[in-house]
Amino acid sequence: MVAGNSMKSTFNAQIYNTFGIEVRAAEYVEYETVDELKSLVPDLIQKRVLHIGGGSNLLFTQDFDGVVLHSRILGVEQVDEDADSVLVRVGAGMMWDDLVAETIAHRWYGIENLSLIPGEVGASAVQNIGAYGVEAKDVIERVECVDLHTGESRTFMNAECHYGYRQSIFKQEWRGRYAVTYVLYRLSKTFHPCLDYGNIRSHLNPNSEVTAESVRDVIIKIRREKLPDPAVMGNAGSFFVNPVVSREKFEALRQEYPMMPFYDVPNGVKIPAGWLIEQSGWKGKSLGAAAVHSRQALVLVNRGGASGQDILRLSDAVCAAVCEKFGISIHPEVNVI
Ligand code: EPU
């Protein structure tokens, strides 16, 4: 069935998700423009609505009895420029990594460390994606949305998005209320390499100049080594967020575990959940068809045929083991539906 230009399937639409969980929605609707999205709003008021991006941060535990929305708004447009930077307006439905490649080709810099993150541009603004010392919030200037209750447009400036580590107002106060249509990124005309996270430097060729392309290549290599390809083995990247503990709790743990990695953050100390899970003995372990990845314990994988409930059961077991050993609660980063 077709509504306007939007693509609408009404019966048992299979919902794409990188975990590879077989799940269906009552309705699945894709739209290509802001006006199309607005025309859909009156029909959404009485229904359960789930707006998805690339399906790379979702865990479905059952079929979805409502409308699944997906943006196909594309396009990269330079809308402003000054001596040092450009402002680029990007459709929410564009694949994130295609944007990274395109910005580097234009010599617009700032997101090369976010290479190969799965998902779409809209999710970069909702999820505040981050990797290797850079977060989307560092370059987002504003976010254009449509209010799914009224059909009105609204623009959120960066400060209004209340960004934090994997957090934004779109996941909190306005969860489910706004659909992101365009994201505006302020990118630099000069390349400022950000190489201090982990082992990026050691992967770069010491005899050649560091360029945005070489940083992108290194990050792609590191990610491919550690993170499973969802096309081969279902997964949603990091399944958990890294917990932040108080300084007192951290000092007490460090006495016992002097090798524990950590990062100072404004409200305490962040400890890698992958390390906690590995130390709890779960790295590479399975529970039925759900497993903790053998090269990065922060990632749970579908070994084939796992249900959402299977993954949740494993998640609960891992959380319980970490809590028992370290007295730290860890929580899923993925959106559990
Ligand atoms: N570690 C272990 N065992 C593991 C995994 C990690 O001991 O199984 C240790 C590592 O040795 C290292 C530390 O934990 O000392 C941090 O590991 P890593 O650099 O792999 O990063 P992370 O904290 O586990 C976060 C992001 C990733 C992002 C990387 C790099 C979150 C939830 N995850 O992982 O993001 O790629 O940093 O910046 O913050 C994603 O969100 O899907 C994702 C992959």
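The values are calculated or read from the model by the stated rules, or taken from the named source; none is laboratory data. Quick caveat, the model's predicted, so the values are computed rather than measured. Here the Cβ is made from the backbone with ideal geometry for all residues, glycine too, and neighbour counts use every protein chain on show. Remember, those area values only see protein heavy atoms, side chains included, never the ligands or the DNA or RNA. Shrake-Rupley method; radii C 1.70, N 1.55, O 1.52, S 1.80 Å.
Between the alpha-carbon centres of the stretch 181-208 and the stretch 280-337 there is a gap of 31 Å.
Heavy-atom accessible area per residue, the stretch 1-122, 1.4 Å probe: how many Å²? Before the final figure, lay out the partial values.
Numbers: 5490 Å² over 122 residues.
About 45 Å² of surface per residue is accessible.
Counting only protein heavy atoms and a 1.4 Å probe, the stretch 278-326 has 44 square angstrom of accessible area per residue.
Take every pair of alpha-carbon atoms less than 8 Å apart whose residues are at least six positions apart; their mean separation over the length of the stretch 166-304 yields a relative contact order of 19 percent.
Out of the stretch 190-287, which GluC sites (Glu not before Pro) are coil in DSSP terms and have no more than 10 other C-beta atoms within 10 Å? Each step should come with its number before you reach the end.
Numbers: sites: GLU209, GLU213, GLU225, GLU248, GLU251, GLU256, GLU278; in loops: GLU209.
Answer in residue order: GLU209.
Normalised by the number of residues in the stretch 274-337, the mean separation of alpha-carbon contacts (under 8 Å, six or more apart) gives a relative contact order of 26 percent.
Taking the Cα centre of the chain as reference, the dipole from Cβ charges on Lys and Arg (+1) and Asp and Glu (-1) amounts to some 980 debye. Here's the picture: charge each Lys and Arg Cβ at +1 and each Asp and Glu Cβ at -1 in the chain, and of PRO118, LEU69, PRO261 the one pushed furthest to the positive end of that dipole is PRO261.
Can you grab the distance from the C-alpha centre of the stretch 164-179 to the C-alpha centre of the stretch 249-279, Å, no decimals? The stretch 164-179 and the stretch 249-279 have Cα centres spaced 27 Å from each other. Spacing of the modelled spin labels on VAL210 and GLU278, each 7 Å from Cα toward Cβ, amounts to 2.4 nm.
The distance linking the stretch 35-61 with the stretch 80-112 is 26 Å (Cα centroid to Cα centroid, whole angstrom). Mean sequence separation of contacting Cα pairs (under 8 Å, at least six apart), scaled by the length of the chain, corresponds to a relative contact order of 16 percent.
TRP275 exposes around 40 Å² of accessible area when a 1.4 Å probe is run over every protein chain in place.
Of the residues GLY53, TYR109, LEU204, the one whose Cα sits farthest toward the positive end of the charge dipole of the chain, with +1 on the Cβ of Lys and Arg and -1 on the Cβ of Asp and Glu, is LEU204. Hey, for a label at CYS194 modelled as a point 7 Å past Cα toward Cβ, could you say which residues of the stretch 111-126 have their backbone N under 15 Å away? Label zone hits: 111-117, 124-125.
Using a cut-off of 20 Å between Cα atoms, the listed pairs LYS249/LYS270; LYS226/LYS249; LYS137/LYS221 include LYS226/LYS249; LYS137/LYS221 as exceeding that distance. Computed in the context of the full set of protein chains, the accessible area of the chain at 1.4 Å probe radius has 49% of its extent on carbon or sulfur. Distance between the modelled labels on LEU74 and MET157, one decimal in nanometres: 3.4 nm (7 Å Cα→Cβ projection).
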